[in-house]
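To keep things clear, I will list the structure first and then write my remarks on it.
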Amino acid sequence: MKKKDSQNASLKLYSPLKELIPYIKPYSRSLLKTFIALCGAAFSILAIGPSLRFLIDSGFQTENLEFLNQAILILIALSLVLAFSAYVRLSSTSWLAEQIVTDLRKDFFAHLLKLDAHFFDNARLGDIITRLSDDCTLLKTLLSASGAIVIRGFIQFMGALILMFFTSLKLTFFSLLIIPVAFFPIGLLGGRLKRKTLEVQNAQGKLIAFSEERLSGITTIQAFTQEEAVIHQFTTLSTANLKTSQKNLRMRALLISLVIGCVFIALSIILSLGGYSVLSKNLSPGTFLSFLFYALIAAGSLNEIAEVLGDFQKAAGAMTRLLEILRTPSRLNDVPSNSAPKKQLQGHLSLKNVSFAYPTRPQVQALENISFDIKKGEKVAIVGLSGAGKSTLFKLLLRFYDPQAGSIFIDGHAATTLNLEGLRQTFSLVAQETTIFHDTLYQNIVFARPEATYQEVMQAAEAAYVNEFAHSLPQGFNTIVGDQGKQLSGGQRQRVAIARALLKNAPILLLDEATNALDPQSEALIQQAISHLVKDRTTLVIAHHLTTIQNCGRVLVMEKGKLVQEGTHQVLIKEEGLYSKLYAKKFRDEES
């Protein structure tokens, strides 16, 4: 019973690799070509044994030059077959591995893009990138090299064992008693090696995640002069990673050395038994040499398998890490695109008793019992202190999260009954922190609607006053703006965001007004761009300026996740409440 449990545990170590089968199936023809090449290489090596026997017994012992020449010609022919098989195998396996891992990467990346915001709230970007790059590379190594070595080694081992049986039954019997000892270390240490390998991969993921986070915040580190502290943290993580790797390498070295030791002890015993048989005239020298050759092939095959076993352990660990994310479902239940409303959504928003708490802090209500109705084309300002729930409201409207209670309706359709893509196409978002990609200025704008014409992009750029700075860039709209748009100022990035929203031309605009930290000239340009943007659209704007509030027909006042006041600016300043206090503290000076 224990033996069976041990076998099951051993198989379970590699079970994640079976998830590669669906990715391998489409390339069955290439796989067959590779298998034939491996068989050709294995059989050409095994065929050397009979050639050696022919060379010794019929060539050297009979001193027949013709037999000797024939044997040499056979060996040359086998060498050519072996070389051609190696070429086919190496070229086909490398290309096959590239195709399979490319498909896996595409699926992994596509799944990431469909996961909900809660996943990314908890995930570390550096660790995700490690899985996408390093873990996939480990699988590529397995498919392009290690897997082929194991298959060829297994074919050679089984072929050598069969030929040993036909060459000398007595020596094969003793070999079968001794050789299985070589498998003992694999069963003994295989499970530990898998666990150590997974620990190494997780430690490397943490190190890369730390590096990515700190390099992203390099200006903050330097501004606070915390370089030495961060170096110390990096050194601590690197040392921990090094120690984990050292334990893994020692375990792998121990496994390989034990297998090699067991195999060659077995060969030594077989050599001594064969030697006695030759001396007692029970076995010809040629037959013994060919048997010894087969035994060496069998031993060498086991040694090859043992050496690449670590690659299988790494690949199994890598696949486990990839599957952790691939098997993570989105918390948002999407509906088929063909269930979308027949008419295009117009922009009537309605919230009924919406309550929400972030999954990472469920005990804190970010929104509590929020209800309001916004007609098509209406412009509504949202005001409140930091932490009131204004940005959270936008996240729910875009369905980055679903509320725990209540419902959101668009044109009378519950948000959860709409296809996610269709729902989000109804909104244009201008966030306070604009995401700019490491690409050209033009591509950053057309990102909102890739099918847009050049003329449409230029019209959106002109309406957002992007032209004001685009022509001063080295290559104009074809200028690479750098990672996160570092070559652009805050106001310029904001104008790019407005251009995107104009190009998308969605019926509902969500605007997180971001003019607080801008100089008066940039702020004036952005305000003008916003005036183009809000025209004929349902607009919900998180307002920081009185002018923005006054341009809206209605104001929603939020405090600690609750909607505490609602009305026009003129009505609200006359009421005793939060809005009048905000007006007195913040907006009155602006008005004067």
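The values are calculated or read from the model by the stated rules, or taken from the named source; none is laboratory data. All values derive from a computational prediction rather than experimental measurement. Glycine also receives a Cβ, built like all others from the backbone with ideal geometry; neighbour counts cover every protein chain displayed.
Values as computed for the structure displayed
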quantity	calculated
Count of residues meeting criterion [surrounded by 21 or more Cβ atoms within 10 Å (Cβ to Cβ) and either farther than 27 Å from A524 by Cβ or among the hydrophobic types (A, V, I, L, M, F, W, C) (or both)] in region 437-447	3
Looking only at region 478-514, and only at residues there that are among the hydrophobic types (A, V, I, L, M, F, W, C) and within 30 Å of the chain's Cα centre (by Cα), the one that is farthest from V466 (Cα to Cα)	I480
Residues being surrounded by fewer than 20 Cβ atoms within 10 Å (Cβ to Cβ), modelled with pLDDT of 70 or more and in contact with a Leu (Cβ under 9 Å, 6 or more places away or on another chain) - total across region 166-191	3
S290 modelled with pLDDT of 80 or more, crowded, with 19+ Cβ neighbours inside 10 Å and in contact with a Lys or Arg (Cβ under 9 Å, 6 or more places away or on another chain)	no
Selection count, region 570-580, where residues are without any contact (Cβ under 8 Å) to a residue 60 or more places away in the chain and assigned to a helix (DSSP H, G or I)	4
Residue ID - surrounded by the most Cβ atoms within 10 Å (Cβ to Cβ), chosen from residues in region 530-553 that are in contact with a Phe, Trp or Tyr (Cβ under 9 Å, 6 or more places away or on another chain) and assigned to a strand (DSSP E or B)	L540
Identity of the residue in region 354-392, among the β-branched types (V, I, T) and under 20 Å from T547 (Cα atoms), that ends up surrounded by the fewest Cβ atoms within 10 Å (Cβ to Cβ)	V380
Among (1) over 20 Å from L429 (Cβ atoms); (2) over 35 Å from the mean Cα position of the chain (by Cα) - the single one A464 does not satisfy	(1)
Extreme residue, surrounded by the fewest Cβ atoms within 10 Å (Cβ to Cβ), among residues of region 89-103 that are among the aliphatic types (A, V, I, L, M) and under 12 Å from P26 (Cβ atoms)	L96
Sole residue being touching a Pro at 6+ places or on another chain (Cβ under 6 Å) and small (G, A, S), chosen from A316, A299, A295, A306	A316
Extreme residue, farthest from L540 (Cα to Cα), among residues of region 450-501 that are in contact (Cβ under 8 Å) with a residue 60 or more places away in the chain and either surrounded by fewer than 20 Cβ atoms within 10 Å (Cβ to Cβ) or not basic (K, R) (or both)	Y465
Meets criteria (part of a loop (DSSP other than H, G, I, E, B), among the hydrophobic types (A, V, I, L, M, F, W, C) and over 28 Å from the mean Cα position of the chain (by Cα)) for A388	yes
So F437, is it among the aromatic types (F, W, Y), part of a helix (DSSP H, G or I) and out of contact with any strand residue (DSSP E or B) (no Cβ under 9 Å at 6 or more places or on another chain)	no
Test for V481: is it touching a helix residue (DSSP H, G or I) at 6+ places or on another chain (Cβ under 7 Å), closer than 30 Å to H348 by Cβ and of a type in the set (A, V, I, L, M, F, W, C)	no
Matching residues in region 242-301 - criterion: being within 15 Å of K170 (Cβ to Cβ), out of contact with any helix residue (DSSP H, G or I) (no Cβ under 9 Å at 6 or more places or on another chain) and not charged (D, E, K, R)	S272, Y276, L279, S280
One residue from K352, K379 being at pLDDT 85 or above and over 22 Å from A543 (Cβ atoms)	K352
Criterion violated by K281 - all others in (1) in a loop (DSSP other than H, G, I, E, B); (2) closer than 25 Å to L75 by Cβ satisfied	(2)
Number of the exception - Q455 against (1) more than 28 Å from the chain's Cα centre (by Cα); (2) closer than 30 Å to L367 by Cα	(2)
Residue in region 393-408 that is nearest to the chain's Cα centre (by Cα), counting only those that are in a strand (DSSP E or B) and buried (at least 17 other Cβ atoms within 10 Å of the Cβ)	I408
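Matching residues to (1) outside any helix (DSSP H, G or I); (2) out of contact with any Ser or Thr (no Cβ under 7 Å at 6 or more places or on another chain):
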| residue | (1), (2) |
| --- | --- |
| G422 | no, no |
| E451 | yes, yes |
| V457 | no, yes |
| F469 | no, yes |
| Q492 | no, yes |
| A497 | no, no |
| R500 | no, yes |
| Q528 | no, yes |
